[in-house]
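Laboratory data are not the source of any read-out in this text; all were calculated from the coordinates shown. As the structure is a computational prediction, the values presented were derived from the model and not from experiment. Glycine also receives a Cβ, built like all others from the backbone with ideal geometry; neighbour counts cover every protein chain displayed.
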Amino acid sequence: MDKRFETMVLHSGIEKNKKPINSKVTPIFQTSAFTFNDLDDLEGYYQGEGNYLYSRVGNPNTDELGQMVAAIESAPAGVATSSGLSAILAAILSVVRSGDHIVAADDVYGGSFHLLKEELKQLGIETTFVSFSDLQKVEQVMLPNTKLLYTESITNPLLRVEELASVVELAKKYGVATLVDNTFATPYHCTPFTLGVDLVVHSATKYIGGHSDVTAGVVVGSNDLIEKARAKVVNLGTNVSPFEAWLTCRGIKTLALRMKTQSFNARRLAEALKGNSNVSKVYYPFQHAEAGYGAMVTIELSKNIDINQFLKSLSWVKIVPTLAGVETTVSHPLTTSHRALPPEANEALGITREVIRVSVGIEHPEDIILAFEHAIERSIIQ
Ligand SMILES: *Cc1c(COP(=O)(O)O)cnc(C)c1O
């Protein structure tokens, strides 16, 4: 319980003496089902003796992923899912049903926005989107049937850090549940459950996995709520495969190392670009930590920069519509993640053609800074 983060990422899965033939790491249980010797054995499963039945319902690798993320989030329980989006769906459906109302931050991840606005609306769940930077506005749109407040610990792409303690306070005042997407911050920087948030979700596709080779999600929270979320995962069939769960657990072991380096590099890049006369804005939570707070940096280049030329000049830094890998990558929010939003909405959010989102990797910080400085120099419109 009192292990530090760097220790916990390595020692929070299945206990060593429970691993088959004492293997050092948990093997991949690539099996769809489990066998039973007799009816007593089968009965034992239903009495909760800890063995397994069928991999959609439970599997050692998927359980290990849920447990590891719960441990590093300091929450009692967790359940792994097939993607970040299915984690969000399971979390929402564990506290909300048809006829209920949700208040969500207007800058939530695009896929989450669509899930709420289209899919859940068709199922009779209404959502009001509002800026969470002014919680009075959130309070004003809450209704008697509001069941959930939903936001992100660090938002995309402008990296606003949410005042989670205040969100929790507001929710508690009305007896409403809270859901926080902690994908960008990761439990290395922020543990929403310890601040009183009911359900925390991750796109494990991002930093939890960390190597851009899996699609997975996790929900963590109290035992009670996670049992409900697990029932949704089992019944909707949104479980993650044993292999993807295993790869994700492998990634978690270096989460502390990766976040430390990536956040440090991100802060260095943000500071360097802040002093560049061809960068008009740098979005980074500077105020939160001297050693960096998260590995995302968003910049707005000046109007005298040819954006396409800039992206072409980044050499080894590739354009990728995702984030959080060990390599530094960039994305162009206006034409990818925020493409579906009306121009006025993007304008209001500050997402212009000049906005570039950088997912900072583990390369040498000087090389990262040079790649950006060179690309800027090569794309100035004369
Ligand atoms: C990527 C992402 C998601 C969705 O995750 P998938 O694994 O792609 O389903 C949700 N929230 C945030 C903040 C994300 O970055």
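Quick notes on this one:
- Ordered by the count of other Cβ atoms within 10 Å of each Cβ, fewest first, ARG353, ARG97 give ARG97, ARG353.
- Our summary gives the range 187-250 a relative contact order of 30 percent, counting only alpha carbon pairs under 8 angstrom and 6 or more residues apart.
- FRET efficiency for the THR336 to VAL141 pair, using the beta carbon distance and R₀ = 35 Å, is estimated at 0.75.
- Cut-off 11 Å between beta-carbons: net charge of the residues surrounding THR183, Lys and Arg +1, Asp and Glu -1: -1
- Derived scalar couplings ³J(HN,Hα) [the range 277-283; Karplus, 6.51 cos²θ - 1.76 cosθ + 1.60; whole Hz; x for Gly, Pro]: 5, 9, 10, 7, 9, 10, 9
- Listed residues GLY221, GLY124, GLY58, most fluctuating in the chain (Gaussian network, C-alpha, under 10 Å): GLY124
- Each peptide in 355-362, 227-234, 338-345 gets a packing score, the mean of other Cβ atoms within 10 Å over its residues, and the list from highest to lowest is 355-362, 227-234, 338-345.
- Note on ALA33 and PHE5: the model spin-label points, each 7 Å out from Cα along the C-beta direction, lie 4.4 nm apart.
- Per residue Cα convex hull volume in Å³ - calculated over the range 189-261: 91
- Neighbour-count ranking [beta-carbon atoms within 10 angstrom, fewest first] of SER331, SER74: SER74, SER331
- For the chain, the longest principal axis of the alpha carbon atoms and the long axis of helix 223-236 meet at an angle near 90°.
- Mean projected area of the Cα convex hull of the chain, taken over all directions, amounts to 20.2 nm².
- Partners of LYS312 within straight-line reach, counting lysines whose Cα lies under 18 Å from its Cα and excluding those fewer than 8 residues away in the same chain: LYS303.
- Our note on the geometry: Cα centres of the range 13-78 and the range 334-382, 43 Å apart.
- Percent RCO, i.e. relative contact order, over the chain, from Cα pairs under 8 Å lying at least 6 residues apart: 16
- Karplus-based coupling profile of the range 92-101, in residue order and whole Hz: 4, 5, 7, 10, 10, 9, 3, x, 8, 10, with θ = phi - 60° in 6.51 cos²θ - 1.76 cosθ + 1.60 and x standing for Gly or Pro.
- Evaluating 6.51 cos²θ - 1.76 cosθ + 1.60 at θ = phi - 60° for every residue in the range 204-211, the Karplus couplings come out as 5, 4, 9, 5, 4, x, x, 10 Hz, glycine and proline recorded as x.
- Of the cross-linked pairs LYS121/LYS173; LYS206/LYS260; LYS19/LYS206; LYS137/LYS172, those separated by over 19 Å at the C-alpha level are LYS121/LYS173; LYS19/LYS206.
- Exposure proxy for VAL103, VAL214: other Cβ atoms within 10 Å of each Cβ, ordered fewest to most, give VAL214, VAL103.
- Helix 60-72 axis, angle to the chain major axis (alpha carbon atoms, nearest 10°): 60
- Computed per residue of the chain from DSSP H runs no shorter than four, each worth -39500 (n - 2.57), the mean residue ellipticity at 222 nm is -10000 deg cm²/dmol.
- Potential lengthening between ARG378 and LYS18 on full extension [0.36 nm per residue; Cα-Cα distance subtracted]: 123.9 nm
- Of all aspartates and glutamates in the structure, those lying under 12 Å Cα to Cα from LYS24, and not within fewer than 8 positions of it along the same chain, are GLU15.
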